[in-house]
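J.: Have a look at the structure that comes next, please.
Quick note: the coordinates plus some simple rules give every number you see, no bench work behind them. Just so you know, these numbers come straight off a predicted model, no measurement behind them. Here the Cβ is made from the backbone with ideal geometry for all residues, glycine too, and neighbour counts use every protein chain on show.
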Amino acid sequence: MTPSRPDLLARAALLLALTVIFQSLRLIIPVPPFFTTFIIGSLVNACLLIALETAGFAAAVAIALVAPVVAYLQGLLFLPVFIPPVAAAHLLYVLIYKTLLARGRIAATLSATAAKTAVLFAAFTWLLTFINVPPKLAAGIMFAMSWPQVFTGIMGGVLATIVVKRLGGR
């Protein structure tokens with residue numbers, strides 16, 4: 001049975017709210033930001049993919065655009081110029097996953113993760129050539145935009161698979 005439009009809207013709203021709540025965990029979990037990056041990044045990526053599969057592409061796009069704004073407002077992205085590349089990387093993650101899902105979840109997740117990681121790393125490498133930030137901060141930013149993105153992208157796919165299957169999806 002195909003969900004009705006109000007059902008899809010409710011799912012989208014719920015997943016957007018969960019994304020914001022998950023991002024807010026960094027404000028209350030008393031662990032170093034290094035660890036919260038892995039936890040919160042995985043949960044946000046899972047919400048993106050769950051939204052795509054259960055509420056539609058528009059819901060995933062909304063979450064992809066809102067999540068970096070929330071990260072900026074929470075101080076994780078310390079300049080507004082960092083919002084667009086993160087939003088673009090989220091959109092690419094969702095789009096590639098959607099495009100390749102028919103070939104299987106593993107292929108879709110790995111390809112989407114690789115593309116997202118490459119875009120984030122390239123965009124932040126480029127941006128940091130124009131923005132004067134202390135070297136230690138720049139190194140921290142570049143680290144966060146490198147291999148941790150691979151982990152969180154894959155874990156997001158794993159979590160989404162578990163949740164979607166529990167919800168009765170494919």
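J.: Given 0.36 nm per residue, what is the gain on full extension from Met142 to Leu79 after removing their alpha carbon distance, in nm?
T.: Once the chain is fully extended between Met142 and Leu79, it gains 21.2 nm.
J.: Right, another one. For the chain, return all DSSP H helices satisfying: extent of Cα atoms along own axis at least 20 Å; mean Kyte-Doolittle hydropathy at least 1.0.
T.: 5-24, 33-55, 57-73, 83-100, 105-127
J.: Here is a follow-up. Do you know the relative contact order of segment 5-166, to the nearest whole percent, from alpha carbon pairs under 8 angstrom that are 6+ apart?
T.: 28 percent
J.: Indicate the gyration tensor shape class of segment 1-108 (rounded, prolate or oblate), computed on the Cα atoms with a ≥ b ≥ c the square roots of the eigenvalues: a/c under 1.5 is rounded; otherwise a/b larger than b/c is prolate and the rest oblate.
T.: prolate
J.: Find out how many positive minus negative residues lie around Leu15, taking Lys and Arg as positive, Asp and Glu as negative, among other residues whose Cβ is under 13 Å from that of Leu15.
T.: Residues near Leu15 contribute -1 overall.
J.: Calculate the length of the line joining the C-alpha centroid of segment 137-168 to that of segment 18-37, in whole Å.
T.: Between the Cα centres of segment 137-168 and segment 18-37 lies a distance of 14 Å.
J.: If I build a Gaussian network model for the chain, linking alpha-carbon pairs within less than 10 angstrom, which residue out of Ala13, Ala67, Ala160 has the largest mean-square fluctuation?
T.: Result: Ala13 has the largest fluctuation of those listed.
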